[in-house]
Amino acid sequence: GVKGHAEGLGAVVGKFASVDGLVAEIGRLGDVGFTRVKMKIGPGWDVEPLDAVARAVPGLRLQADANGSYTESDSDHLVELDRFGLLCLEQPFERSDLEGHARLAGRISTPVCLDESLDSPESTRRALAMGACSVVCVKPSRLGGLGAALDLVESCSASGIPLWMGGMFESGYARGVNTTLSAL
């Protein structure tokens, strides 16, 4: 997917059959103007692909999205990702493990971003208060609609909490709403 951003265009790439295939795709994205890439990672597909991309495309801003594929027992390994200077590590643990996210956030210098864990403005405020994340992914459909998303955007903006707009499988109209919210 393509996401507009004040600092340039961002793309999302999934897992590839090979590191070479991943590097080729990210190189192609860089050639057409993408300056930020969110890579899907998981156990066995993290350090090697991140290292290869960082070496092949210096200056590229990287996010890593784990989609809840790790457990807290992987924390020592996840701390190793700090060396890549990631914009954030998204949803390392399963959605209900806010305490584990808070403990990881206290050990890792990479900002932890939550997505699936944030299903209401209240859950987001709770996660932020306990230190489970320092970056928020706003998905209006998951939060309960436009009003809840606006509430969260206002709350994060007032607190200086970085956030970004994410999408799910919305219609064209809903994607337009997400784009409009992104302008905030």
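The values are calculated or read from the model by the stated rules, or taken from the named source; none is laboratory data. From a predicted model like this one, the values you see are computed outputs, not experimental measurements. Because the Cβ atoms are built from the backbone with ideal geometry, glycine has one as well, and the counts that use them run over all protein chains shown. For accessibility, only protein heavy atoms count, side chains too; no ligands or nucleic acids. Shrake-Rupley method; radii C 1.70, N 1.55, O 1.52, S 1.80 Å.
Work from the charge dipole of region 1-139 (Cβ charges, +1 for Lys and Arg, -1 for Asp and Glu, about the Cα centre) and give the residue of THR124, ALA11, LEU98 farthest towards its positive end.
Among THR124, ALA11, LEU98, the one farthest towards the positive end of the dipole of region 1-139 is ALA11.
Between ARG107 and SER157, what is the FRET efficiency for a Förster distance of 41 Å, r being their Cβ-Cβ separation, to the nearest 0.05?
The value I calculate is 0.90.
Just name one of GLY33, CYS88, TYR70: the one whose Cα is farthest towards the positive end of the charge dipole of region 1-112 (beta-carbon charges, Lys/Arg +1, Asp/Glu -1).
My answer, from the dipole projection, is GLY33.
Taking a 1.4 Å probe, which of VAL53, VAL32, VAL12 shows the most accessible area, and what order do the others take after it?
VAL32, VAL12, VAL53
Let me know the charge dipole size of region 22-170 about its Cα centre in debye, to the nearest 20, where only the beta-carbon of Lys, Arg (+1) and Asp, Glu (-1) is charged.
Values: 14 positive and 22 negative charges, 83 e Å.
Charge dipole, region 22-170, about its Cα centre: 400 debye, nearest 20.
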